[in-house]
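The structure appears below as structure tokens.
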Amino acid sequence: MTNAIFTGLMLGGMYALIAMGLTLQYGVARIMNLSYGEFLVAAAFASYWLFTGWALNPLLGLALVIPAGFGVSLLLYRVLLTPLVRRARTRGALEVDSILATFGMMFIVQGIMLSMFGGAYFSYSFLAIPVSLFGEILALNRLIAFGLAVAVGLALYLALTRTRLGTSIRAVAVDPMAAQLVAIDVVRTSAFAFALGGALVAAAGVLISMFLTFSASSGVIFTMKALIVVVMGGVGNLLGCLVAGLALGLSESLVATFVDPGLTLAVNFALFLGVLLVKPAGLFGRAQR
Amino acid sequence: MLEVANIGVTYGQHHALTDASLSVGRGEIVVILGANGAGKTSLLKAIAGIVACLPGKRVTLSGRDIAGLPAHEIVEAGLALVPEGRGIFADLTVAENLLLGANPKRARDGEAARRERVLSLFPRLGERLGQTVRTMSGGEQQMVAIGRALMSNPDVLLLDEPSLGLSPLLVRELFASLRKVRESGVGLLLVEQNARESLAIADRGYLIENGKITGSGTGTELMSNDAVQRAYLGGIVASAL
Amino acid sequence: MGSSVTRFAAGLLAVTGAALFAADGPALAQSSVKIGYAISRTGPNAGGAAVTTLPNYEMWVKEVNAAGGLKLGDKRVPIEVVQYDDRSSAEEAARSLERLITQDKVDFILPPWGTGLNLAVGPILNKAGYPHLASTAVTDRAPELAKRWPNSFWLLGTSAGAANTLVDLLVKLRGEGKIGDTVAMVSVADGFGIDLSGAARPALAKANFKLAYDKTYPVGTQDLSPIVNEVKALNPDVFIAFSYPPDTLGITEQARIASFNPKIFYTGVGTAFPLFKQKFGANAQGVMGIGGWSGDSAPIKDYLARHKASAANGAEPDRWASAVTYASLQMLQQAIERVGKIDREAVIKDLQTGTFDTIIGKVKFENNLPTKYWWVGQWQDGEFYGVAPAANEGARTPVIPKPAWKAP
Ligand SMILES: Nc1ncnc2c1ncn2[C@@H]1O[C@H](COP(=O)(O)OP(=O)(O)O)[C@@H](O)[C@H]1O
Ligand SMILES: [Mg+2]
């Protein structure tokens, strides 16, 4: 039982970690980033390359990959997405435009990864050592990823709720029209939020590469998972991400242990649909105007 | 303080506002009266930089040219708008709305003192700092909207029909607060359909019809103006308030 | 606004350009043999295609052209390649093949990667009369399909073959007293796992093995530790996972972390991948899996060296379908050269009846199926040797029990 719970928590932490960047990009910047998973895999490749080519510990690699994720996302927003933002008359129109643009982006990023690394599966071993926690044996790399996911999630939550910059990011999320009335540069703040999401997805990619097998084509799996967590938790809500991620992870692990591993996907979707039936805007979401 | 000349707004082919000019002085309350669809909201939005205007306009604030600046920089220059429908962050708390109000750099110095002043102007907000704005009454939401705008340390405050949807008692309270705001030196440009109450506190006013400014005068002049009488005051000379 | 649209369009163009690896140069009639294929460059199949199929297609073309080309009669004709990305989708694979046949008018077609896509393109190749050497498809329908589509050859055999050979090996090892009779089995809830576990279940029951655990998990499951932990608690002698590559690596990793070390530890697709050895190093020792090859044979060693020299980043082949794929290309080449001209019907006939010299030994089809397969392999000292069927030439004796996991 404890083992199932631990495993579920760690899996859930990973889901939350995957989704946090998307909730910022979608919730604040209103960019439905279909190339999100590709960026995650790109960060995983970067980590793989640093680890196998330069013997750089992935945890130290974070110090390089996270700023790179921030920078690349900022550039992407400035070059590709800002024209769409300026053109869009409504947020709905921006969502549609951004879906089209990032759909193209998805193939470009995938193409770059394919040409650099080929289509094969990649995996490496880092901190794949057992640690004993309350008498249960867990993999250290997963444990570290979980710890960092929770730490990053809480730090970000505090930053968003307790600081002026964080509050202004949330202001853009809830009402970009009103945000300009309090001297918020909405486009700049959106760019910042998008880039912050890029930094988060880069962190997720690095951490996940320590224990998951990936290939240039595996991005879409992560985009889907992130989308489910984001929608279930409430778009733009970090706590929602954390809670939804943990709920999915726990249910998956408990069902796999006590019922049947074959039902995990079904239970995940049942949970997802159940939440949306009761709260269409997600666990922590507020009704859309 | 605020000088606006030859401002015009079109939506596609439709001219919503043509060649409007007006001014608001320091500590002055200026009212704009006009029927629905006359172009009042368009005028305020154009001044605040939220809708694009036709070329040729001039907007200066304390002598500084602010025409064509993006909306967030106009707030930074000292002009705050309380829009139609209030434009507050309904999903955030009162405290967060006030914090965001003080977001412009010009508002950082003396933020705490200004907050004190806002809370003494609207004591009810002080009791409900942690409440989500969405769950508050219309009058309270209007207080949040005005309080948030005041937090930006504006030189001129633009208000678009603040009395809409409020009970007569609340309207009176609201206008009393506005008078206090003016005492601190802030210029007020007030769009209203409630002519009686607004003219009573106004120093001056403008009439706007079909996108054009058709008349102006002091509050008392307008109150006795025939056209105003007919259109807004039901033909009865307002008794002195 | 205009600029964003053009940028977007430019992006899309770059994408389609990248997705379409069409060979360059106009076709010069009679001076080249046009060979076409649609392969999964992107999508879920890309991982398998990139390891098993593409490097072999590329290496074979390179080698044939380096020798002057295919020998047609008394002259050598170089190969010209036309290829597309099937994006791991059956519809796209079908569309690409139609295009290869009707528009590009290629002389021969090499098959896509994987069971699903080979089944999907089977009817098209059959109708158009192209030989179909399916070297990466495991399906119980192989004998039936070979009969229905006489142009098709199913080189990897049937899931029943795989499962029965594994169970036969278990029976033998139990007879020798090397293992007991508790078996735990997990399988991925998808084609491969369903077929293999479906065949293994009755075979294990018939052989009186005790199936202590028998569960499936969905494709793409990201944490398999609940399964491994539960199986460990049951302490079986034999652990069988009919898994896909990411799960194969995940299960093995988790077993190592949980110190779950049964006497036989068998995993599915991906065990034979070079990545497995690269990731687990000395810990691969004793792990069994589907596939295997005659790692000691000279042609295989030579093939391994050539593959490393030819593939990008010095990649090694997998130790199962890679060699079979390359062998299928040798067969196609020998059949074409024996016929001496582009006559697909004659080439199919030659494939049905001829004997071929390949890196996996002499191959002669019976009813369009090979007579020998490697079904069980085991990592021994850094090589994944075939251990069953034991009658195969070059079969190694399995190391039982599997040695304990080492700290990495
Ligand atoms: N976004 C818009 N698009 C098109 N027409 C508009 C828009 N906003 C306002 N209008 C039109 O412009 C005119 C002036 O509107 P407005 O400034 O809102 O008037 P008021 O605030 O005095 O009621 C009206 O005829 C209105 O229908
Ligand atoms: Mg209006």
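Might you check whether a residue that is within 12 Å of chain A (Cβ to nearest Cβ), assigned to a loop (DSSP other than H, G, I, E, B) and surrounded by fewer than 23 Cβ atoms within 10 Å (Cβ to Cβ) occurs anywhere in segment B:109-125? Even if it seems obvious, please write down each step before you answer.
Kept after step one, since they are within 12 Å of chain A (Cβ to nearest Cβ), are these residues of segment B:109-125: B:111.
Those still in the list that are assigned to a loop (DSSP other than H, G, I, E, B) too: none.
Checked against the condition, which is being within 12 Å of chain A (Cβ to nearest Cβ), assigned to a loop (DSSP other than H, G, I, E, B) and surrounded by fewer than 23 Cβ atoms within 10 Å (Cβ to Cβ), segment B:109-125 yields no hits at all.
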Would you list the helices (runs of 4 or more DSSP H) that sit entirely within segment A:206-289 and hold 1 or more residues that are closer than 20 Å to A:T7 by Cβ, modelled with pLDDT of 90 or more and within 13 Å of another protein chain (Cβ to nearest Cβ)?
A:219-233, A:238-258
Could you tell me how many of the residues in segment B:138-164 are modelled with pLDDT under 90 and small (G, A, S)?
3
Residue that is surrounded by the most Cβ atoms within 10 Å (Cβ to Cβ), among those in segment B:148-167 that are within 16 Å of ligand 2 (Cβ to nearest atom) and within 14 Å of another protein chain (Cβ to nearest Cβ):
B:L159
Residue in segment C:262-274 that is surrounded by fewer than 24 Cβ atoms within 10 Å (Cβ to Cβ) and among the small types (G, A, S) present
no
How many residues of segment B:169-216 are within 16 Å of ligand 2 (Cβ to nearest atom) and without any contact (Cβ under 8 Å) to a residue 12 or more places away in the chain? The answer is 0
Among the residues that make up segment B:75-98, is at least one of them without any contact (Cβ under 8 Å) to a residue 12 or more places away in the chain, within 11 Å of chain A (Cβ to nearest Cβ), away from ligand 1 (no atom under 14 Å from the Cβ) and out of contact with any His (no Cβ under 7 Å at 6 or more places or on another chain)?
yes
Among the residues of segment B:1-48, which ones are within 8 Å of ligand 1 (Cβ to nearest atom), closer than 19 Å to B:R204 by Cβ and over 14 Å from the mean Cα position of the chain (by Cα)?
B:G34, B:A38, B:G39
Does A:A173 count as under 21 Å from the mean Cα position of the chain (by Cα) and among the small types (G, A, S)?
yes
Filter result for C:F239 (of a type in the set (F, W, Y) and more than 8 Å from chain A (Cβ to nearest Cβ))
yes
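Tell me yes or no: at least one residue of segment B:16-32 is of a type in the set (G, A, S), within 14 Å of chain A (Cβ to nearest Cβ), in contact (Cβ under 8 Å) with a residue 60 or more places away in the chain and within 14 Å of ligand 2 (Cβ to nearest atom). Steps first, please.
Here is the first cut: in segment B:16-32, the residues of a type in the set (G, A, S) are B:16, B:20-21, B:23, B:25, B:27.
Now narrow it down to the ones that are within 14 Å of chain A (Cβ to nearest Cβ): none.
Scanning segment B:16-32 turns up no residue that is of a type in the set (G, A, S), within 14 Å of chain A (Cβ to nearest Cβ), in contact (Cβ under 8 Å) with a residue 60 or more places away in the chain and within 14 Å of ligand 2 (Cβ to nearest atom).
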From B:L170, B:L188, B:L199, grab the single residue that is in a helix (DSSP H, G or I), more than 16 Å from ligand 1 (Cβ to nearest atom) and surrounded by 22 or more Cβ atoms within 10 Å (Cβ to Cβ).
B:L199
When segment B:33-53 is checked residue by residue, the ones that are away from ligand 2 (no atom under 12 Å from the Cβ) and small (G, A, S) are B:A46, B:A48, B:G49, B:A52
Looking only at segment C:257-274, which residues are farther than 20 Å from C:W375 by Cα and touching a helix residue (DSSP H, G or I) at 6+ places or on another chain (Cβ under 6 Å)?
C:A258, C:F260
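Could you pull out every one of the strands (runs of 3 or more DSSP E) wholly within segment B:1-103 that has 3 or more residues that are modelled with pLDDT under 95 and surrounded by fewer than 20 Cβ atoms within 10 Å (Cβ to Cβ)? Step through it out loud before you land on a result.
Working: elements: B:2-11, B:14-24, B:29-34, B:58-61, B:79-82.
Of the strands (runs of 3 or more DSSP E) lying wholly inside segment B:1-103, those with at least 3 residues that are modelled with pLDDT under 95 and surrounded by fewer than 20 Cβ atoms within 10 Å (Cβ to Cβ) span B:2-11, B:14-24.
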Hey, C:K277 hits all of (1) crowded, with 23+ Cβ neighbours inside 10 Å; (2) within 13 Å of chain A (Cβ to nearest Cβ); (3) touching a helix residue (DSSP H, G or I) at 6+ places or on another chain (Cβ under 6 Å); (4) under 23 Å from A:Y124 (Cα atoms) but one; which does it fall short on?
(1)
Hey, B:A145 hits all of (1) within 14 Å of chain A (Cβ to nearest Cβ); (2) away from ligand 2 (no atom under 16 Å from the Cβ); (3) out of contact with any helix residue (DSSP H, G or I) (no Cβ under 7 Å at 6 or more places or on another chain); (4) not polar (S, T, N, Q) but one; which does it fall short on?
(2)
Hey, any hits in segment C:222-229 for a residue that's surrounded by 16 or more Cβ atoms within 10 Å (Cβ to Cβ), within 22 Å of the chain's Cα centre (by Cα) and not hydrophobic (A, V, I, L, M, F, W, C)?
no
What number of residues in segment A:77-131 are more than 8 Å from chain C (Cβ to nearest Cβ), under 14 Å from A:M32 (Cβ atoms) and either in contact (Cβ under 8 Å) with a residue 24 or more places away in the chain or part of a helix (DSSP H, G or I) (or both)?
15
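Which of the residues that make up segment A:168-178 are buried (at least 22 other Cβ atoms within 10 Å of the Cβ) and either at the interface with chain B (Cβ under 8 Å from one of its Cβ atoms) or of a type outside the set (G, A, S) (or both)? So that I can check it myself, show each step before the final result.
Keep residues of segment A:168-178 that are buried (at least 22 other Cβ atoms within 10 Å of the Cβ), which gives A:168-173, A:178.
Across segment A:168-178, the qualifying residues are A:S168, A:I169, A:R170, A:A171, A:V172, A:A178.
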Is it the case that segment A:124-145 has a residue that's among the small types (G, A, S), modelled with pLDDT under 90 and surrounded by fewer than 15 Cβ atoms within 10 Å (Cβ to Cβ)?
yes
With respect to B:R204, is the statement that it is among the basic types (K, R), away from ligand 1 (no atom under 16 Å from the Cβ) and in contact with a strand residue (DSSP E or B) (Cβ under 8 Å, 6 or more places away or on another chain) true?
yes
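I'm trying to understand the selection: among the residues of segment B:79-108, which are within 16 Å of ligand 2 (Cβ to nearest atom) and over 19 Å from the mean Cα position of the chain (by Cα)?
Filtering segment B:79-108 down to residues within 16 Å of ligand 2 (Cβ to nearest atom) leaves B:81-87.
Of everything in segment B:79-108, nothing turns out to be within 16 Å of ligand 2 (Cβ to nearest atom) and over 19 Å from the mean Cα position of the chain (by Cα).
The values are calculated or read from the model by the stated rules, or taken from the named source; none is laboratory data. Just so it is clear, the model here is predicted, and its values are computed rather than measured. Note that we place each Cβ from the backbone using ideal geometry, even for glycine, and neighbour counts take in every protein chain shown.
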